[in-house]
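**Student:** Before we start, here is the structure in question, set down as C-alpha cells.
What follows is calculated from the coordinates using simple rules that are stated; it is not laboratory data. None of these values were measured; they are calculated from a predicted model. Every residue, glycine among them, receives a Cβ derived from its backbone with ideal geometry; neighbour counts consider all protein chains shown.
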Amino acid sequence: MRFFFLVAGSLLLLCVHLPAAAAAGWTLTYAPAQIVNGSPVVIRVTIPRFVRSLTGVWLGHEFRFDFDERAKVWTALAGAGLETKAGSYAIELDAETPDGQAISWEKEIPVRWRRYPRVTLKVPERYTAPSAEEQREIEQDKKIKDEAFKTVSAGREWRGNFATPVAAKISEVFGVQRIFNGTVGATHQGLDFRVPTGTAVAAVNRGRVILARALFFEGNCVVIDHGQGLMTLYLHLSKFLVAEGDEVRKGQRIGLSGGTGRATGPHLHLAVRWQGEYLNPQVLLGLRLPDAGDSAKTSSRKKQTHN
C-alpha cells in the first residue's frame, strides 16, 4: 500500500506490502491442481478492489495478467521449467489502482518433482556425429532461432483454449530422456503425434509466424509467437503453408507433417516455449483459458481509466 506525503509542494510516495487484514480479500487459484517441473500454469487472481494493472513474478519470471471481464478475474499463463526442484515458491503480485496507489501481495505455490522416462532411439549417424560443415550449419541454425526467440509481442495474442494441432494419437510424451545411437543424450522438449506424411497441421492458437525455415535438427520448422513470451513450435514438416510475418488464427493450416530433420519417421513434434522455458504441451492443451475478446475488453478498460 502506498502512503502519500506532501513535501515542499511535491508528492512523496512510500510503498509497503498490503497488511494481512486487507489482503484477506485476495484469492489466488491455479491449474493444474498439481504443478510439476515442466508444467505450464494458468493463474487466476481476484482482488476486492478495482485495479488497472496486475503483474506477477514467480520462479524468476515476470509476467502480466489480463482482466477477464466475464469472470471478473485476472488471468496469466506462467510455467515451471524442467529443472525446477520440488518446493514451495512465492509468487509476488503487484497491482496499481486508478489513482496510482500500489498494492503488493505474496502467496506460496507448491511444485512437485517429476522424474521423466528414458528411451533409446536410432537415427542417421550425421545427427549424432555431424561433419564440420554440418556443425557450421547447426551453429547458424542456433543463431537464427535465438534471433527469432527475441521477437516476442508484449501483448497477449492467444485467445481461449489451445487446440490440438492434429487429430492423432500421441507417440511420445514431453520430458523423455532420449539416448541417440547409444551415446548422445537429449531431453524431448515437446509432444509427438503419430501422423503420416502430408497430414494437415493447424495452429494451436492465434498469433504471428516468426520463423518458417528448414533447420538441421528440426527439419522444416514453424514458430508462432502468441505474445507475452509464449510460443509454439511445429517440427519435421514436409511443406510450409505459411511464411514469416503471417498472422494466423487458431485452427488455420500452417503446414503438412513429415519426417524432415532428426526424426525416426513421419510425425509432428509440437513444442511450447515460454520465456525461454520449454513446457509440456499436453498440459497446455488441457487447460481452460479465457474466451476470445477478454483481452480487448481489458485494453478498453485501461483506456477508460487513463481518460
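**Student:** So what's the net charge close to Thr164: Lys and Arg +1, Asp and Glu -1, counting the other residues with Cβ under 14 Å from its Cβ? Don't skip to the end; give the middle numbers.
**Tutor:** On the way: positive: Lys169, Arg194, Lys250, Arg253; negative: Asp192.
Computed value for this residue: +3.
**Student:** Compute the length gained on full extension between Val119 and Ala90: take 0.36 nm times their separation in residues and subtract their Cα-Cα distance, giving the result in nm to one decimal.
**Tutor:** 7.0 nm
**Student:** Shifting gears a bit: Roughly how many Å is it from the Cα centre of segment 60-107 to that of segment 264-280, as a whole number?
**Tutor:** Segment 60-107 and segment 264-280 have Cα centres spaced 25 Å from each other.
**Student:** Another one. What chymotrypsin sites (Phe, Trp or Tyr not before Pro) does segment 62-152 have in DSSP loop regions with at most 12 other beta carbons within 10 Å? Please list the in-between numbers first.
**Tutor:** On the way: sites: Phe63, Phe65, Phe67, Trp74, Tyr89, Trp105, Trp113, Tyr127, Phe149; in loops: Phe65, Trp113.
Those that pass, being in a loop and sparsely packed, are Trp113.
**Student:** When only DSSP loop residues count, what trypsin sites (Lys or Arg not before Pro) in segment 23-98 have their Cβ near at most 12 other Cβ atoms within 10 Å? If you can, show how the numbers build up before the last one.
**Tutor:** Values: sites: Arg44, Arg49, Arg52, Arg64, Arg70, Lys72, Lys85; in loops: Arg49, Arg52, Arg70, Lys72, Lys85.
Those satisfying the criteria are Arg49, Arg70, Lys72, Lys85.
**Student:** May I have the pair-distance distribution P(r) for the chain, computed from all Cα-Cα distances with 10 Å bins from 0 and rounded to whole percent?
**Tutor:** 6, 24, 31, 21, 11, 6, 1, 0
**Student:** Tabulate in residue order the Karplus-calculated ³J(HN,Hα) for segment 98-114, using 6.51 cos²θ - 1.76 cosθ + 1.60 with θ = phi - 60°, rounded to whole Hz; enter x for Gly and Pro.
**Tutor:** Working through the residues one at a time gives x, 8, x, 6, 9, 10, 10, 8, 10, 8, 7, 10, x, 10, 9, 8, 10 Hz.
**Student:** A further question follows. With only alpha-carbon pairs counted, each pair once and no self-pairs, how large is the Kirkwood hydrodynamic radius of segment 118-275 in angstroms?
**Tutor:** 15.9 Å
**Student:** Further, regarding this structure: For segment 230-238, in order, what is each residue's ³J(HN,Hα) by Karplus, 6.51 cos²θ - 1.76 cosθ + 1.60 with θ = phi - 60°, in whole Hz (x at glycine and Pro)?
**Tutor:** Running phi through 6.51 cos²θ - 1.76 cosθ + 1.60 with θ = phi - 60° gives 9, 9, 10, 10, 10, 10, 6, 5, 8 Hz.
**Student:** Could you tally the net charge around Gln140, taking each other residue with its Cβ under 14 Å from the Cβ of Gln140, Lys/Arg +1 and Asp/Glu -1?
**Tutor:** Net of charged neighbours comes to -3.
**Student:** If you put +1 on each Lys and Arg Cβ and -1 on each Asp and Glu Cβ, how big is the dipole of segment 118-275 around its Cα centre, in Debye rounded to 20? Show your work: numbers first, answer last.
**Tutor:** Numbers: 22 positive and 16 negative charges, 105 e Å.
Around 500 debye, computed over segment 118-275.
**Student:** Still on this structure: For a quick check: with amide H placed at 1.01 Å from N, whose amide H comes under 5 Å from Val123's, ignoring anything fewer than 5 positions away on the same chain?
**Tutor:** For Val123, whose amide H was placed from the backbone, the distant partners under 5 Å are Asn181.
**Student:** What residues qualify as long-range amide H neighbours of Arg52, i.e. H under 5 Å apart, gap of 5 or more or another chain, H built at 1.01 Å from N?
**Tutor:** Glu96, Thr97
**Student:** Taking a threshold of 23 Å on the Cα-Cα distance, which of the pairs Lys169/Lys250; Lys85/Lys107; Lys85/Lys143; Lys169/Lys239 fall above it? Provide the component values of the computation, followed by the final result.
**Tutor:** Working: Lys169/Lys250 20 Å; Lys85/Lys107 18 Å; Lys85/Lys143 30 Å; Lys169/Lys239 21 Å.
Too far apart for the 23 Å limit: Lys85/Lys143.
**Student:** Any chance you could check the Cα centroid distance between segment 119-157 and segment 205-228 for me, in angstrom?
**Tutor:** Taking the Cα centre of segment 205-228 as reference, the centre of segment 119-157 is 12 Å away.
**Student:** Additional query: If you take the Cα atoms of segment 62-185, find Rg, then find the Kirkwood Rh from the mean of 1/r over all pairs, what is Rg/Rh?
**Tutor:** 1.07
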